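Q: Got a structure for you, questions after.
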Amino acid sequence: MTKIAFIGLGNMGSGMCVNLAKAGFDVMAFDLNRDAVKAVAEKGVKPASALGDAVVNADVVVSMLPAGKHVHAVYFDTDGVADQAKPGTLFLDCSTISVEEAREAAAKAEAAGFIYMDAPVSGGTAAADAGTLTFMVGGAAEGYERGKPILDAMGKNVFHAGGSGNGQAAKIANNMLLAISMIGTCEAFNLAEKLGLDAQTFYDISSTASGQCWSMTSYCPAPGPVPAAPSNRDYQPGFAVAMMLKDLKLAMGAAEAAGAETPLGYHAEEIYTALSEAGHDGLDFSGVMKRIKGEI
Ligand code: NAD
């Protein structure tokens, strides 16, 4: 049976690692937070009290960590994963980190005799718990073939986006588009309302016309038309402003490095930065509607 070491049992990782155990994998998990380890140990996952205990016998290491610096520290610091894993172990990092950090990690891992794949996710904690995440995977075909059954147990869509870093590239380009489309949707609903249309009337028209997009039909930022959307619970997340801003910063850094023109992405970052600086990190990202209406 494939032995998996799972590192990082936060909002996302805890549900993901329990889903691997439910699918029949032999999972041992580690987090600096002992309570998080205890919580998954009650759900079929073996607890590890040190990183090395989880990693030493693993065939595959899966990680779900806050940011690039944590990923590099966990894998490549002295006594990190690369010092303790068996040669040939597959590393699947599901954290959202920069394209450059992912490519550096892949190169370091390869030089040490491992295969590193970036496999960031789309979908929040509900999808992590339900096993319905989308994975965007970058790295060698061999790593993708080995990793796919494991990612399948945590998600409903798994895409091979190409070489190292391409998973992160897909993720941040998608989320930049999401930020832009969300702000545009808010502007359109606000304009329509000021011109005398109620939200439902504008929704009925625009959702079947050329302005239709996911931000409108699945996550409508105007209260009413999409009952499950955060706009109907005073913009409680969902996907928080702080998380969107993290992804926009990664997108803008990557755009600059690649020389890609992203004027609307840049403006979206400015808008979400303003929301964050005004103390609204914990608001759902569709709460930009409140800003556009001048309420916050
Ligand atoms: P989180 O902060 O809740 O969890 C991170 C976990 O990593 C924590 O439990 C922390 O203790 C652990 N950790 C940190 N350093 C460690 C170390 N050296 N060794 C062991 N454990 C360590 O974060 P999250 O919300 O679960 O997000 C994880 C990643 O997923 C991030 O990169 C985030 O951008 C991405 N993501 C999150 C969401 C979401 O909705 N939360 C959605 C998509 C992608």
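The values are calculated or read from the model by the stated rules, or taken from the named source; none is laboratory data. Quantities reported herein were computed from a predicted structural model and do not represent experimental measurements. Neighbour counts are summed over all protein chains in view; Cβ atoms, including those assigned to glycine, are modelled from backbone coordinates with ideal geometry. Surface accessibility is based on the protein's heavy atoms, side chains included, excluding ligands, DNA and RNA. Shrake-Rupley method; radii C 1.70, N 1.55, O 1.52, S 1.80 Å.
Residue-by-condition table, conditions (1) within 21 Å of the chain's Cα centre (by Cα); (2) open to solvent by 60 Å² or more (accessible area, probe 1.4 Å); (3) not acidic (Asp, Glu):
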| site | (1), (2), (3) |
| --- | --- |
| Asp204 | no, yes, no |
| Thr208 | no, yes, yes |
| Cys220 | yes, no, yes |
| Pro237 | yes, no, yes |
| Leu245 | yes, no, yes |
| Gly253 | yes, no, yes |
| Glu261 | no, yes, no |
| Asp284 | yes, no, no |
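Q: So, one more: Any chance the range 86-102 includes a residue that's small (Gly, Ala, Ser), more than 16 Å from the ligand (Cβ to nearest atom) and not in a loop (DSSP other than H, G, I, E, B)?
A: Here is the first cut: in the range 86-102, the ones small (Gly, Ala, Ser) are 88, 95, 98, 102.
From the residues that got through so far, the ones that are more than 16 Å from the ligand (Cβ to nearest atom) too are 88.
Those left that are additionally not in a loop (DSSP other than H, G, I, E, B): none.
The answer is no; no qualifying residue exists.
Q: Follow-up. In the range 25-40, what count of residues is obtained for those that are open to solvent by 40 Å² or more (accessible area, probe 1.4 Å), in contact with a strand residue (DSSP E or B) (Cβ under 8 Å, 6 or more places away or on another chain) and over 22 Å from Pro149 (Cα atoms)?
A: 1
Q: OK, next. Which one is nearest to the ligand (Cβ to nearest atom) among residues in the range 103-135 that are open to solvent by 20 Å² or more (accessible area, probe 1.4 Å), at pLDDT 95 or above and hydrophobic (A, V, I, L, M, F, W, C)?
A: To start, the set of residues in the range 103-135 that are open to solvent by 20 Å² or more (accessible area, probe 1.4 Å) comprises 103-104, 107-108, 110-113, 115, 122-126, 129-130, 132, 134.
Filter again for at pLDDT 95 or above, leaving 103-104, 107-108, 110-113, 115, 129-130, 132, 134.
From what is left, the residues that are hydrophobic (A, V, I, L, M, F, W, C) are 107, 111-112, 115, 130.
Working: Ala107: 20, Ala111: 22, Ala112: 18, Ile115: 20, Ala130: 13 Å.
Once the filter is applied, the top-ranked residue is Ala130.
Q: Somewhere in the range 244-263, is a residue of a type in the set (Ser, Thr, Tyr) and either touching a Cys at 6+ places or on another chain (Cβ under 9 Å) or within 16 Å of the ligand (Cβ to nearest atom) (or both)?
A: If we filter the range 244-263 for residues that are of a type in the set (Ser, Thr, Tyr), which is where we start, we get 262.
Keeping just the survivors that are either touching a Cys at 6+ places or on another chain (Cβ under 9 Å) or within 16 Å of the ligand (Cβ to nearest atom) (or both) gives none.
No, because not a single residue in the range 244-263 is of a type in the set (Ser, Thr, Tyr) and either touching a Cys at 6+ places or on another chain (Cβ under 9 Å) or within 16 Å of the ligand (Cβ to nearest atom) (or both).
Q: Continuing with this model, one more query. Just to verify a result, which residue in the range 25-59, among those that are of a type outside the set (Phe, Trp, Tyr) and in contact (Cβ under 8 Å) with a residue 40 or more places away in the chain, is farthest from Lys86 (Cα to Cα)?
A: Taking the range 25-59 and keeping what is of a type outside the set (Phe, Trp, Tyr), we get 26-29, 31-59.
From the residues that got through so far, the ones that are in contact (Cβ under 8 Å) with a residue 40 or more places away in the chain too are 48, 51, 54-55, 57-59.
On the way: Ala48: 17, Leu51: 14, Ala54: 12, Val55: 8, Asn57: 7, Ala58: 7, Asp59: 8 Å.
Here the residue is Ala48.
Q: Follow-up. Return the pair list, or none, for Cβ contacts closer than 6 Å from residues in the range 10-24 that are open to solvent by 40 Å² or more (accessible area, probe 1.4 Å) to residues that are near the ligand (Cβ under 9 Å from one of its atoms) and in a helix (DSSP H, G or I), at least 6 apart or on different chains.
A: Asn11/Thr125
Q: Of the residues Gly184, Gly224, Gly287, only one is under 26 Å from Ala126 (Cβ atoms), in contact (Cβ under 8 Å) with a residue 12 or more places away in the chain and part of a loop (DSSP other than H, G, I, E, B); which? Break it down into steps so the answer makes sense when it comes.
A: Numbers: Gly184 fails: part of a loop (DSSP other than H, G, I, E, B); Gly287 fails: part of a loop (DSSP other than H, G, I, E, B).
Step by step, each of Gly184, Gly224, Gly287 is checked, and only Gly224 is under 26 Å from Ala126 (Cβ atoms), in contact (Cβ under 8 Å) with a residue 12 or more places away in the chain and part of a loop (DSSP other than H, G, I, E, B).
Q: Looking at (1) outside the structural domain of Met243 (by TED's automatic domain parsing); (2) without any contact (Cβ under 8 Å) to a residue 40 or more places away in the chain; (3) not hydroxyl-bearing (Ser, Thr, Tyr), which is the only condition Met154 fails?
A: Just one mismatch for Met154, condition (2).
Q: When you go through (1) within 23 Å of the chain's Cα centre (by Cα); (2) surrounded by fewer than 16 Cβ atoms within 10 Å (Cβ to Cβ); (3) within 20 Å of Ala112 (Cβ to Cβ) one by one for Asp83, which number turns out not to apply?
A: So the condition that Asp83 fails would be (1).
Q: Go through the range 232-283 and give me each residue that's over 20 Å from Tyr219 (Cα atoms), assigned to a loop (DSSP other than H, G, I, E, B) and either in contact with a Ser or Thr (Cβ under 7 Å, 6 or more places away or on another chain) or touching a residue at least 12 places away in the same chain (Cβ under 8 Å) (or both).
A: Scanning the range 232-283 gives Thr262, Ala278.
Q: Something else: Which members of the range 7-35 meet the condition of being outside any helix (DSSP H, G or I), near the ligand (Cβ under 10 Å from one of its atoms) and modelled with pLDDT of 95 or more? Reasoning before the result, please.
A: If we filter the range 7-35 for residues that are outside any helix (DSSP H, G or I), which is where we start, we get 7-12, 23-33.
Imposing the further condition that a residue be near the ligand (Cβ under 10 Å from one of its atoms) reduces the set to 7-12, 29-33.
Correct list: Ile7, Gly8, Leu9, Gly10, Met12, Ala29, Phe30, Asp31, Leu32, Asn33.
Q: Ok, one more. So, in the range 286-296, how many residues would count as being over 25 Å from the mean Cα position of the chain (by Cα) and of a type in the set (Lys, Arg)?
A: Pass one, the range 286-296, residues over 25 Å from the mean Cα position of the chain (by Cα): 292-296.
Then drop every residue that is not of a type in the set (Lys, Arg), which leaves 293.
Of the residues in that region, 1 qualify.
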